[in-house]
Structures are given as C-alpha cells and as structure tokens.
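Presented below is the structure to which this report refers.
The values are calculated or read from the model by the stated rules, or taken from the named source; none is laboratory data. Just so you know, these numbers come straight off a predicted model, no measurement behind them. We place every Cβ from the backbone using ideal geometry, glycine too, and count neighbours over all the protein chains shown.
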C-alpha cells in the first residue's frame, strides 16, 4: 500500500519530492533526438543539437530554486485564484512575473540559424538588422534569439520588435527596451522573424503565416516553433477554437510525431515557404509547488520564403 499524506500542501510536497526525483534521473538528451526518420527531403534538413548545454542547465537550476521557494509558490497559488476571476492566465503570469519559458540557448539558436542560411553579413547594405518576435511573452526567449544574432559577428546593430496580446507581458517587453507593435503590417523587410509556440494558440494561424511572408525580407529567415503532438487552444475567445486549424487532421485524428512533423512542413510549403533547417527541442516552463519544471516537445523550423508566392 502506497502512503499518501493528507492535506493539499502535504500532498503537493510529497508529489514534488517524487517528481523531482524522476527529473533527476531523466535522460534530457531525448529532448533533442528524433524517434524515427522523416521523408528524406525533410530528414536532410534536420540539425542535431547537442545535449542540454550550460545555458540550458543554468535555466533548469534556476527553475529548481524558484520551485523550492515554498512561500513564493504559496503566494502564486493564492494570487492566481483571485486574479484568474477577471484576467487571462497569461496576464496573471505577466503580473506575477512567473511562467518564464525556455526553448533554445543562444548557441543552439545560432547553430540552427546558421544551418538555415541566416547570416547578418548577407545584409551588408543595411545599417541595422531587424528582428521581430511574434507573441514574445516576457521577452526572455526574444533576448536569447537577439544575442544569438549578435554572436554571429562584430559590430552588429539590432532593432528588436515584438508583438504580444497580453497587456502585462507588453509592459515587461517595454521595460526590456523592445519596440512593441500592434500589427505585423506595421513593419516590412524584416531580416529575422520568430513565431515560437504561437500558431497553436492564436485564432488564425494561417493569417499569421501570410503576415510573416509579407513582412519578411526577400533574403530573410523566419524561425517557427510548434508543439507536437498538435493541439490547438485559443485563450482569447470563448470557444477556444481557431478559425481554421493549422494542421488539417486536427482534432479528428492523432498521428505520430514523424507524421505530424511532415504534415506541418507540408503546410508551411503550401503557405509559400522553403524548409531550410529544423530541429527538435524542449519547450520548457517554470515549475510550481508540485514539480521544478515542465516541458513539451517542439519542432523548430527555419524558413525562407518562395519568391512571388503570395
């Protein structure tokens, strides 16, 4: 008979001990490895990242420290119960300065972008490299992406734009000195556009991809991330359903990782993009009273646009 302590917090702490023990023994290299191969045209573009690097491990260590702060976690629970009655979960996270995400380190972003053909030197006639991050959240991932571009060469000047639906997150982005814009149509010829874990959380992913195509520099790159298995949830409307799902088989069918990744790539090509490089990586989130951190599995793709498509 397995012992289960009584009381909400006692059970949560008991679960945390067991969950964190599991995490200590988990092989994190699995986050970056493919279960099986994809069709050759996509398999040849796969970039195998190394196991979690030092930056990734530091983020995980910091998440463990935050999760172990009992009084902070209790405060978050109480505050969320109250704030959730009139705010979205994203707004609550922004206000409480919690829920930070992690996808790739600066070095991992750099390796993937280089493999995808992105190079600031190819825009030598432009005095500044423009980056646009769509749905930037608190800007932590945006910052790592920007730093990866800076690491590609000396004397690189950046202008970082960001969009974000949540008003509390927009405030955090502005404090990081990013230029927050309301519409993608307000920018053009952007050298690098990122759309990371947004397409399965927005009302119209197809319109966003059209906007990315129109805003992207002819020689620029877009970097897009999608959680697989694919499941769509729109926070901003009452049905929580998209106008049209990104992957056409959802929600009627469930498919393997390889099949869904292939369908995703095919959809991107139909939208006017070339698959230049891609990888598999964890979409990490800060933990809580029950577990130090959580993760989903991302497909992260570097795209160029087909000329004259839209």
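Some values worked out for this structure:
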| quantity | calculated |
| --- | --- |
| Matching residues in region 171-204 - criterion: being touching a helix residue (DSSP H, G or I) at 6+ places or on another chain (Cβ under 8 Å) and within 13 Å of residue 138 (Cα to Cα) | 171, 172, 173, 176, 178, 180, 196 |
| Sole exception among (1) in contact with a strand residue (DSSP E or B) (Cβ under 9 Å, 6 or more places away or on another chain); (2) touching a residue at least 24 places away in the same chain (Cβ under 8 Å); (3) in a loop (DSSP other than H, G, I, E, B) for residue 224, by number | (3) |
| Some residue of region 186-200 being surrounded by fewer than 15 Cβ atoms within 10 Å (Cβ to Cβ) and within 15 Å of residue 242 (Cβ to Cβ) | no |
| Condition broken by residue 284, with the remaining ones in (1) out of contact with any helix residue (DSSP H, G or I) (no Cβ under 6 Å at 6 or more places or on another chain); (2) closer than 30 Å to residue 119 by Cβ; (3) at pLDDT below 95 satisfied | (3) |
| Criterion (under 16 Å from the mean Cα position of the chain (by Cα), surrounded by 16 or more Cβ atoms within 10 Å (Cβ to Cβ) and free of Cβ contacts under 8 Å to residues at least 40 places away in the same chain) met by exactly one of 136, 146 | 146 |
| Within region 110-217, strands (runs of 3 or more DSSP E) holding 2 or more residues that are more than 29 Å from residue 97 (Cα to Cα) | 190-196 |
| Whichever residue in region 257-268 is surrounded by fewer than 18 Cβ atoms within 10 Å (Cβ to Cβ) and in contact (Cβ under 8 Å) with a residue 24 or more places away in the chain and, among such residues, is nearest to residue 209 (Cα to Cα) | 262 |
